[in-house]
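Participant: Can you read through this structure? Questions will come right after.
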Amino acid sequence: MTENASLAEKIGELSTSLATIKETVGNLGTDFQAKLAKNGEASAELTEKVDKALSEFGEATTRLGDLEKRAARERDGGDPNEKSLGDFVLEAPDLVSGRYNSSTRGAVSVKVERSAITSANTTVGAGRSQGTSLVPGSRVPGIFGLPERQLTVRDLILPGQTASSNVEYVKETGYTNNAAPVAETTAKPYSDLTFDLVSAPVRTLAHLFKASRQILDDAPALRSYIDGRARYGLRFVEENQLLNGSGTGQNIHGLVPQATAFAPAFAAADETGIDRLRLAVLQVVLAEYPATAFVLNPIDWAKIELTKDAGGNYIIGNPQGSLTPTLWNLPVVATQAMAAGEFLTGAFSFAAQIFDRMDIEVLLSSENVDDFEKNMFTIRAEERLALAVYRPEAFVTGDVEGA
């Protein structure tokens, strides 16, 4: 078992233990309040139990926070066996052999499977230069890493691959369950289940940018440039397309435009944004699928985390905690690709799927426009993918706060 696996197991075990302790604290707190209301005081034994449980809860929370910070540091440091997009480019045969450098002309194409790319080595300047013929040098002035957003919508959706330029799939458009007890010799009722055969065209996401030819002689700078610009740029636009793509022209048909409008089964008393999100989960469940996550704008998630009870205590947020953001036992993805004031929830793991047609490809060329004249070269990064939404009713979108 690797050290990372052991650390992950420790975090999982401690999280389970923390949940148990939290439940115990809640039960003891209820008993404590009941005793106070009835007798005006609580027994010494009950008080001791509450104090002990609170102490255990605090210790477990601290230990879990330390373990998660340690795991984060290890991820940032990177596994020496893991490679980023920049590493794969640097290991292209033409670059490793030294045949392609700042004094050569032509192009280098690198195709990388998405599953082979990790985010562990995205820190600018932290890449390794071993195994290349490029001259390790100081970082080229003016190249700085981007403050990468947490782009995790892709991680919520069922992954897949395709070799076609168009993915045809069956979309469920309606279901009425008429199953019922039936007497012998009588006709059985028909349930109404309707489908449409629809297609999701594969779309290309791409961009170009320039770099000085001298950067080819600086392995760490080239790696950081490719990781910081090429990969991040594609993920940035991919996030917006998966959520908000209009489906027209060359746009992907995203989740929000296909989602069902929020229509709660009942109105909650003194309704809050937290209530509305719970009712949205109910709406997904009534569509026969389990909700698996929330997608919110960071502003709306911050408002929810800052919600307090009458005593001034945080209901959701914990200023000293470092647990994964969750609401109603579902993970929360906070991304600026989601419009402020709106939410999306649904069965991301079941009712939609991404089909990758071409994983990220990077092409370096010295023969584009005026590159020869200006001693520059061009980097092109692109990917191709399609999004299939099998059951739109399993996704619900609406306003976080009611009118």
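Participant: Give me the residue from the stretch 183-233 that is touching an Asp or Glu at 6+ places or on another chain (Cβ under 7 Å) and more than 26 Å from Glu172 (Cα to Cα) and, out of that set, modelled with the lowest pLDDT.
Facilitator: The qualifying residue modelled with the lowest pLDDT is Arg223.
Participant: Okay, moving on. Please specify each residue of the stretch 291-328 satisfying the condition of being closer than 29 Å to Ala8 by Cα and of a type in the set (S, T, N, Q).
Facilitator: Hits for the stretch 291-328 are Thr292, Asn297, Asn318, Gln320, Ser322, Thr324, Thr326.
Participant: Search the stretch 177-208 for residues being in contact with a Lys or Arg (Cβ under 6 Å, 6 or more places away or on another chain) and in a strand (DSSP E or B), and hand back the single one that is farthest from Ser246 (Cα to Cα).
Facilitator: Leu208
Participant: When only residues in the stretch 306-341 that are touching a residue at least 24 places away in the same chain (Cβ under 8 Å) and outside any loop (DSSP other than H, G, I, E, B) count, which is farthest from the chain's Cα centre (by Cα)?
Facilitator: Result: Leu327.
Participant: Can you name the residue in the stretch 264-298 that is touching a residue at least 24 places away in the same chain (Cβ under 8 Å) and out of contact with any Ser or Thr (no Cβ under 9 Å at 6 or more places or on another chain) and is also farthest from Arg391 (Cα to Cα) among such residues?
Facilitator: Glu271
Participant: Please determine whether any residue of the stretch 288-303 is surrounded by fewer than 18 Cβ atoms within 10 Å (Cβ to Cβ), closer than 30 Å to Leu197 by Cα and either out of contact with any strand residue (DSSP E or B) (no Cβ under 6 Å at 6 or more places or on another chain) or among the small types (Gly, Ala, Ser) (or both).
Facilitator: yes
Participant: With respect to Gly233, is the statement that it is in the same structural domain as Val202 (by TED's automatic domain parsing), part of a loop (DSSP other than H, G, I, E, B) and closer than 30 Å to Val362 by Cβ true?
Facilitator: Judged against the criteria, Gly233 is not a match.
Participant: Just to be sure, is Gly245 closer than 17 Å to Leu387 by Cβ, out of contact with any Cys (no Cβ under 6 Å at 6 or more places or on another chain) and loosely packed, with under 15 Cβ neighbours inside 10 Å?
Facilitator: Against the criterion (closer than 17 Å to Leu387 by Cβ, out of contact with any Cys (no Cβ under 6 Å at 6 or more places or on another chain) and loosely packed, with under 15 Cβ neighbours inside 10 Å), Gly245 does not qualify.
Participant: Examine the stretch 251-273 for a residue that is in a helix (DSSP H, G or I), more than 21 Å from the chain's Cα centre (by Cα) and modelled with pLDDT of 90 or more, and state whether such a residue exists.
Facilitator: yes
Participant: Next question, about the same structure. Return the pair list, or none, for Cβ contacts closer than 8 Å from residues in the stretch 159-173 that are assigned by TED's automatic domain parsing to the domain that holds Arg203 and closer than 13 Å to Phe195 by Cα to residues that are surrounded by 12 or more Cβ atoms within 10 Å (Cβ to Cβ) and among the acidic types (Asp, Glu), at least 6 apart or on different chains.
Facilitator: Close Cβ pairs (under 8 Å, with a partner that is surrounded by 12 or more Cβ atoms within 10 Å (Cβ to Cβ) and among the acidic types (Asp, Glu)) amount to Glu172/Glu393.
Participant: Could you tell me how many of the residues in the stretch 303-327 are hydrophobic (A, V, I, L, M, F, W, C) and over 21 Å from Phe262 (Cβ atoms)?
Facilitator: Selection size over the stretch 303-327: 4.
Participant: Hey, another quick one. Report yes if Glu401 is acidic (Asp, Glu), within 29 Å of Phe262 (Cα to Cα) and out of contact with any Phe, Trp or Tyr (no Cβ under 7 Å at 6 or more places or on another chain), otherwise no.
Facilitator: Criteria met by Glu401.
Participant: Which members of the stretch 342-374 meet the condition of being on the phi > 0 side of the Ramachandran plot and in contact (Cβ under 8 Å) with a residue 12 or more places away in the chain?
Facilitator: If the condition is that a residue be on the phi > 0 side of the Ramachandran plot and in contact (Cβ under 8 Å) with a residue 12 or more places away in the chain, then Gly346 is the only one that fits.
Participant: Same structure again: Among (1) buried (at least 19 other Cβ atoms within 10 Å of the Cβ); (2) in contact with a Pro (Cβ under 9 Å, 6 or more places away or on another chain), there is one condition Leu282 misses while meeting the rest; what is its number?
Facilitator: With (1) buried (at least 19 other Cβ atoms within 10 Å of the Cβ); (2) in contact with a Pro (Cβ under 9 Å, 6 or more places away or on another chain) applied to Leu282, the lone miss is (1).
The values are calculated or read from the model by the stated rules, or taken from the named source; none is laboratory data. Computed from a predicted model, the values in this text were never measured in an experiment. Cβ coordinates were reconstructed from backbone atoms using ideal geometry, including for glycine residues, and neighbour counts include every protein chain displayed.
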